[in-house]
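These notes concern the structure reproduced below.
The values are calculated or read from the model by the stated rules, or taken from the named source; none is laboratory data. Remember, predicted model here, so these are calculated numbers, not experimental data. Backbone-built Cβ (ideal geometry, glycine too); neighbour counts: all protein chains shown.
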Amino acid sequence: MKAKASTQILLAMVAGILLGLLLGYLSGAPQYEDTTFAKVAESLLDKLDFVGRLFIRLLKMIIIPLILASLVSGVVSLGDARNLGRLGGKTFLYYMTTTVLAVTVGLILVNVIRPGERFDPDKAPTTVVDTESEPPSISSVLEDIVPDNIVDAMAKGSVLSIIFFSILLGTAILSVGEKAQPLAAFFESLNAVIMKIVGWIMALAPIGVFALMARMIGTLGITVMKPLAFHMLTVLLGLAIHGVIILPLLLRVFARYSPLKFIKDMFSAVLTAFSTASSSATLPITMECIEENTGASNRVASFVLPLGATVNMDGTALYEAVAAMFIAQTYGIDLSVGQQLVIMLTATLASIGAAAIPSAALVTMVIVLRSVNLPMEGIGMIWAVDRILDMFRTAVNVWGDSCGTAIIANLEGEQLNR
C-alpha cells in the first residue's frame with residue numbers, strides 16, 4: 001500500500017491477468033467440467049464482474065459534478081476575460097487547433113488499422129446494440145450541444161450539453177466580475193471537494209483494475225492481448241505523426257525555428273515529462289528551458305505554459321479518441337461520422353480538465369465513452385497498457401506546449417534564439 005498509485009495499478013493488472021488465466025482454465029478445461037473447481041471458478045468470475053461494475057459505477061457517478069465544477073472553476077481561474085486580449089486569443093486558437101489536429105490523426109489511424117477487430121470472433125466481447133434507431137445526424141449533434149433544460153441534461157448525462165453550459169457559466173462569472181465572486185468561490189470550493197472524492201475513488205483503482213482484468217482474461221482468454229498490441233501501435237503511431245510531423249511543421253512555419261534545434265533546447269523538459277507522466281510536475285523545467293534556451297520572454301512563457309499544462313492535452317485527446325473507437329470496434333458497434341465527430345469534440349473539451357484530475361485519462365475516458373453511449377467495461381481492456389502510453393502522450397503534451405510558446409512569442413514580435 002506504500003507503493004505509488006501507478007505501481008499498485010500495474011501490480012493489480014498483473015495479478016488480475018494471472019488470476020484470470022487460472023479461472024479461465026478451471027472453468028473451461030474439459031477435465032474440470034461440472035466439477036467443484038469449475039463451479040468455484042465461475043462463481044469467482046461473477047463476483048469479480050460485480051466488483052468491476054461497481055467501480056465503473058463510481059466513476060460514472062462523479063462525472064457530471066466533475067465536469068461542472070472543474071470547467072467552471074477552470075474558466076474562472078483565467079482571470080478577467082477582457083484582459084486576456086491578443087495573447088489569450090492566439091494561445092487558445094493554437095491550443096484548440098493542435099488538439100483537433102491530434103484527434104483527427106487518431107481517428108483516421110484507428111479507422112484504417114481497426115485494432116478492435118483483431119479479436120478472435122468467437123471470443124470478442126459483445127453488448128446489446130440498438131440497430132433499429134437511426135444514427136444521429138451532424139445537425140442534431142450540434143443542436144444537442146445547447147440544452148433546452150440543463151437539469152434534464154444532467155439527469156440524462158448529456159455530456160456535451162453540460163460542457164457547453166459549464167464554459168458559458170464560467171465565462172459569465174468572469175464577465176460579471178466583483179458581484180459574481182461568491183459564485184466563483186463556490187465553484188472553486190466545489191471543485192476541491194469533487195477532486196477529493198475523485199481521489200478516494202481512484203484509491204480503489206487497483207481493486208477495480210484487478211477485478212476488471214481478471215474477469216476479462218478469465219472470460220476472453222489471453223488472446224485479448226493481441227488487439228491491445230494493435231491499440232498501442234495505433235496510439236504510438238498517432239503520437240509520432242503529431243509530435244514528429246505536425247508540431248514541427250507548425251513550429252517551422254509560424255516560428256521560423258529549426259525543429260532539430262528546438263528539440264535540443266527542450267529535451268530536458270520532454271524527457272522529464274516522459275519519465276514523470278505529469279505536465280504539471282514538468283512545468284518548472286519547461287519554463288526554464290523555454291526562457292533560457294529559446295529566448296522567449298517570461299511574459300509569454302508565464303501565460304502560455306501554465307495554461308497549456310491545464311488545457312492543452314494533444315496526446316491525451318488523441319489517446320482518448322483512439323481508445324473510444326477501439327472499444328466500439330471491440331464490441332462490434334459501428335459509429336457513424338456524426339458520432340465520431342462527437343468523440344472528436346468531447347475528447348477535445350474533456351482534455352481541458354485532464355491535468356487537474358488524478359489518473360486523468362481514466363476519468364476523462366468515461367466522459368468520452370458516455371458521450372456516444374459506449375460500454376464502460378471496455379476501460380478494463382485499455383487500462384492494461386495505459387501506464388506505458390501515458391508516458392508517451394505526456395511527452396507529446398509538453399512538446400506541444402513548448403512549440404506553442406515559441407510560435408506565440410514569434411507572433412508577438414520577440415527575437416528567439418533560432
If you go through the range 168-191 one residue at a time, do you hit one that is modelled with pLDDT under 80 and not basic (Lys, Arg)?
-> no
Somewhere in the range 316-326, is a residue among the polar types (S, T, N, Q) and either surrounded by fewer than 21 Cβ atoms within 10 Å (Cβ to Cβ) or at pLDDT 90 or above (or both)?
-> no
What residue, of 294, 272, 282, 223, is β-branched (Val, Ile, Thr) and modelled with pLDDT of 90 or more?
-> 294
Return only the number of the condition from (1) at pLDDT below 75; (2) assigned to a loop (DSSP other than H, G, I, E, B) that residue 147 does not satisfy.
-> (1)
Any hit, the range 198-218, residues being within 30 Å of residue 146 (Cβ to Cβ) and not hydroxyl-bearing (Ser, Thr, Tyr) = yes
Counted residues in the range 381-418 being under 15 Å from the mean Cα position of the chain (by Cα) and either surrounded by fewer than 20 Cβ atoms within 10 Å (Cβ to Cβ) or within 12 Å of residue 91 (Cα to Cα) (or both) come to 4
How do the pairs read when you match residues in the range 9-33 that are more than 9 Å from residue 218 (Cβ to Cβ) and of a type in the set (Asp, Glu) with residues anywhere that are in a helix (DSSP H, G or I) and at pLDDT below 70, using Cβ under 8 Å and keeping only pairs 6 or more apart or on different chains?
-> none
Scan the range 255-275 for residues that are buried (at least 17 other Cβ atoms within 10 Å of the Cβ) and assigned to a helix (DSSP H, G or I) and report the count.
-> 10
Top-ranked residue of the range 95-109 - restricted to ones that are under 14 Å from residue 245 (Cβ atoms) and among the hydrophobic types (A, V, I, L, M, F, W, C), ranked as nearest to the chain's Cα centre (by Cα) = 102
Considering each of 302, 268, 297 in turn, give the residue that is within 25 Å of residue 88 (Cβ to Cβ), without any contact (Cβ under 8 Å) to a residue 24 or more places away in the chain and hydroxyl-bearing (Ser, Thr, Tyr).
-> 302
On the given criteria, is residue 367 under 14 Å from the mean Cα position of the chain (by Cα), under 30 Å from residue 270 (Cβ atoms), modelled with pLDDT under 80 and assigned to a helix (DSSP H, G or I)?
-> yes
Can you name the number of the only condition in (1) of a type in the set (D, E, K, R); (2) touching an Asp or Glu at 6+ places or on another chain (Cβ under 9 Å); (3) closer than 20 Å to residue 70 by Cα that residue 320 fails?
-> (2)
Restricting the search to the range 313-353, which residues are under 17 Å from the mean Cα position of the chain (by Cα) and either more than 16 Å from residue 105 (Cα to Cα) or among the polar types (S, T, N, Q) (or both)?
-> 316, 327, 328, 340, 346, 348, 349, 350, 351, 352, 353
Which numbered condition trips up residue 229, out of (1) surrounded by 14 or more Cβ atoms within 10 Å (Cβ to Cβ); (2) within 21 Å of residue 391 (Cβ to Cβ)?
-> (1)
Assigned to a helix (DSSP H, G or I), hydrophobic (A, V, I, L, M, F, W, C), touching a Gly at 6+ places or on another chain (Cβ under 9 Å) and surrounded by fewer than 20 Cβ atoms within 10 Å (Cβ to Cβ), is that true of residue 303?
-> yes
